[in-house]
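Chemist: The structure is given below, and queries will be raised subsequently.
The values are calculated or read from the model by the stated rules, or taken from the named source; none is laboratory data. Computed from a predicted model, the values in this text were never measured in an experiment. Cβ: placed from backbone, ideal geometry, glycine included. Neighbour counts: every protein chain shown. Areas reflect the complete protein model, heavy atoms only, side chains present, ligands, DNA and RNA absent. Shrake-Rupley method; radii C 1.70, N 1.55, O 1.52, S 1.80 Å.
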Amino acid sequence: MYVVVGLGNPGRKYEHTRHNVGFDVVDVLAQRNNITLARLRCKAVVGEGVISGQRVALALPQTYMNLSGESVVQLVNWYKPERDQLIVCFDDVDLPEGKLRFRPSGSAGTHNGMRNIIYLLGRDDFPRLRVGIGRPPEGWELKDYVLTGYRTAADRQTMFDAFVAAAETVERLIEGGVDAARARVAAFNNAKG
């Protein structure tokens, strides 16, 4: 069974901020696949369904970002996905706004939520999908920047396009594996220029 986790912070004040990209991607994925995110389980809001013929649990951890691993460990213990069936979606300040990066395994980079997941799971051999949010403008603190929304309609459209492409990437990963996911990310990023 696949477990797809979107990282973010719970609560209305964090909705649709840069740090909640993972939540937005999983919301789009849920809508595209008629999965209702409603059940509270494993410190997360969870929805179960089918994507590309595979059973899937979509999850939005309700811990704060830096404690995301607490929820992910419980989700892994509950659903028991294979190592490559845990998929984590999150924001990346080191990628330009709206760009995607997919990796089948690897480090947390600069992301504290991923650091906590890898630390508590004791492994980093699971797929992850990063959505670029860009660097903060000069004079901005990183912690303030990631908790802001998108200022213009163009920025919102750029990010929505990225959320849809990220959801499609997860679908391709489930349906066709790592190469299919990589191909979707490459096609999207190349089309964006």
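Chemist: Would you work out what percent of the accessible area of the range 1-95, with all protein chains in place, is carbon or sulfur (probe 1.4 Å)?
Modeler: The computed percentage sits at 45.
Chemist: Length gain on complete extension for the stretch ARG135 to ARG182, per 0.36 nm per residue less the alpha carbon to alpha carbon distance?
Modeler: 14.5 nm
Chemist: Can you spot the lysines whose alpha carbon is less than 24 Å from LYS99's alpha carbon? Ignore those fewer than 8 places along the same chain.
Modeler: Within reach: LYS143, LYS192.
Chemist: Given only helices, namely DSSP H runs of n ≥ 4 each adding -39500 (n - 2.57), what is the per-residue ellipticity at 222 nm of the chain, to the nearest 500 deg cm²/dmol?
Modeler: Roughly -12500 deg cm²/dmol at 222 nm, from the helical runs in the chain.
Chemist: Something else about it: Probe of 1.4 angstrom, ligands and nucleic acids ignored: what's the accessible area per residue over the range 29-169, in square angstrom?
Modeler: On a per-residue basis, 48 Å².
Chemist: Kirkwood Rh over Cα pairs of the chain into Stokes-Einstein at 20 °C, 1.002 mPa s: D in µm²/s?
Modeler: Working: Rh = 16.3 Å.
Stokes-Einstein gives a translational diffusion coefficient of 132 µm²/s.
Chemist: Next up: May I ask you to derive the FRET efficiency for GLU175 and ASP144 from their Cβ-Cβ distance with R0 = 41 Å, giving the value to the nearest 0.05? Can you show the working numbers first?
Modeler: Working: r = 39 Å, r/R0 = 0.95.
For R0 = 41 Å, the calculated efficiency reads 0.60.
Chemist: How much length is gained if the chain between ASP155 and ARG41 is pulled fully straight, taking 0.36 nm per residue apart and subtracting their Cα-Cα distance, in nm to one decimal?
Modeler: That works out to 37.7 nm of additional length.
Chemist: Once neighbouring chains are kept in place and the probe is 1.4 Å, which whole percent of the accessible area of the range 137-193 is contributed by carbon and sulfur?
Modeler: 52 percent
Chemist: Something else now. Rounded, prolate or oblate: which fits the range 100-168 when a ≥ b ≥ c are the square roots of the eigenvalues of the alpha-carbon gyration tensor, with rounded for a/c under 1.5 and prolate only if a/b beats b/c?
Modeler: Here the range 100-168 falls in the oblate category.
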